[in-house]
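*Asks:* Handing you a structure now.
The values are calculated or read from the model by the stated rules, or taken from the named source; none is laboratory data. Keep in mind it's a predicted model, so treat the numbers as computed, not measured. Cβ placement follows ideal geometry from the backbone for every residue including glycine, while neighbour counts extend to all protein chains displayed. Heads up: the accessible areas ignore ligands, DNA and RNA and are worked out on the full protein's heavy atoms, side chains in. Shrake-Rupley method; radii C 1.70, N 1.55, O 1.52, S 1.80 Å.
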Amino acid sequence: QPQLVESGGGLVQAGGSLRLSCAASGSIFSINTMGWYRQDPGKQRELVATETTVGSTNYASSVKGRFTISRDKNKPTVNLQMSDLKPEDTAVYYCYLGVLRSQYWGRGTQVTVSS
């Protein structure tokens, strides 16, 4: 079973930037989707951004133009560059791996944006 390990996150002031990274290990099918979701306490987990192995991306409308997802072509890693952060971006961010009909999640990393 694949394992996902996130890094990055932390506390930043509004308007600042952060970069999240995630590395997957284990047996991973070559065709997959990796990305990021986030969750506030008491709310449902929501899509932030995903990218397939062929480069197709999907962004939440709330982050378009501010966040950029990228993948390493040679390794199962995914990054999320977050700019112009807003207090409403505060959440636990989870790395996601979708392979065929299976989904895998990292443990999450906290992002806190102060106003």
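*Asks:* Just to verify a result, which residue in the range 20-37, among those that are closer than 14 Å to Asn58 by Cα and surrounded by 21 or more Cβ atoms within 10 Å (Cβ to Cβ), is farthest from the chain's Cα centre (by Cα)?
*Replies:* Met34
*Asks:* State which residue is nearest to Ser83 (Cα to Cα) when the search covers only the range 41-70 and only residues that are charged (D, E, K, R) and open to solvent by less than 70 Å² (accessible area, probe 1.4 Å).
*Replies:* Arg66
*Asks:* Can you name the number of the only condition in (1) under 23 Å from Gln13 (Cα atoms); (2) β-branched (Val, Ile, Thr); (3) open to solvent by less than 20 Å² (accessible area, probe 1.4 Å) that Thr112 fails?
*Replies:* Single failed check for Thr112: (3).
*Asks:* So which residues in the range 77-104 are open to solvent by 30 Å² or more (accessible area, probe 1.4 Å) and farther than 18 Å from Arg19 by Cα, if there are any at all?
*Replies:* Result: Leu100, Arg101, Ser102, Gln103, Tyr104.
*Asks:* On the given criteria, is Ser61 more than 17 Å from Val5 (Cα to Cα) and hydroxyl-bearing (Ser, Thr, Tyr)?
*Replies:* yes
*Asks:* Being in a strand (DSSP E or B) and among the aromatic types (Phe, Trp, Tyr) is the filter; apply it to the range 19-37 and report the residue that is nearest to Leu4 (Cα to Cα).
*Replies:* Applying the filter and picking the extreme gives Trp36.
*Asks:* Let me ask something additional. Please verify whether the range 34-55 includes one or more residues that are among the acidic types (Asp, Glu), touching a Gly at 6+ places or on another chain (Cβ under 7 Å) and closer than 23 Å to Gln110 by Cβ.
*Replies:* The answer is yes, given that some residue of the range 34-55 is among the acidic types (Asp, Glu), touching a Gly at 6+ places or on another chain (Cβ under 7 Å) and closer than 23 Å to Gln110 by Cβ.
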